[in-house]
């Protein structure tokens, strides 16, 4: 099957729609351009165009990513940081993004998530129950000190 080829203008329009639908990071745009088989010179025209017209904004992306993953997926800060680093977001922007999450919301969400998960684990062996709860919370990126404290509080 023949792959569709794009002119620079077509690629610009397609990427404008792609960015307008949801905030994107530079890495996602570069991948899309590779998918479109765009040469480096075309990329050097398209990326600045997207930034200039505010379709591509790493700070906005980092902030909405942190808010969304925290509110919807209930991720802890460590998982959010790891995922942002994976997307080549700068340390500075990661710090800015984490400020989007209030400390009160963070602790309340953590407590609710831990309680809900604790109640759903059907395990009679308390050590296995502790491990399952810990693994679940750590995988979601919650800080280990919070996790150990909460697990020891819940599992007696």
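The values are calculated or read from the model by the stated rules, or taken from the named source; none is laboratory data. Quick caveat, the model's predicted, so the values are computed rather than measured. All Cβ positions, glycine included, derive from the backbone under ideal geometry; neighbour counts span all protein chains shown.
With the structure loaded, tell me whether residue 144 is touching a residue at least 24 places away in the same chain (Cβ under 8 Å) and surrounded by 11 or more Cβ atoms within 10 Å (Cβ to Cβ) or whether it fails that test.
no
Could you look through the range 1-33, keep only residues that are modelled with pLDDT of 90 or more and not in a helix (DSSP H, G or I), and pick out the one that is surrounded by the fewest Cβ atoms within 10 Å (Cβ to Cβ)?
Only one residue tops the list, namely 22.
Can you tell me which residue in the range 68-80 is nearest to residue 23 (Cα to Cα), limited to those that are free of Cβ contacts under 8 Å to residues at least 60 places away in the same chain and surrounded by 15 or more Cβ atoms within 10 Å (Cβ to Cβ)?
68
Taking the options 65, 70, name whichever one is closer than 30 Å to residue 156 by Cα and outside the structural domain of residue 32 (by TED's automatic domain parsing).
70
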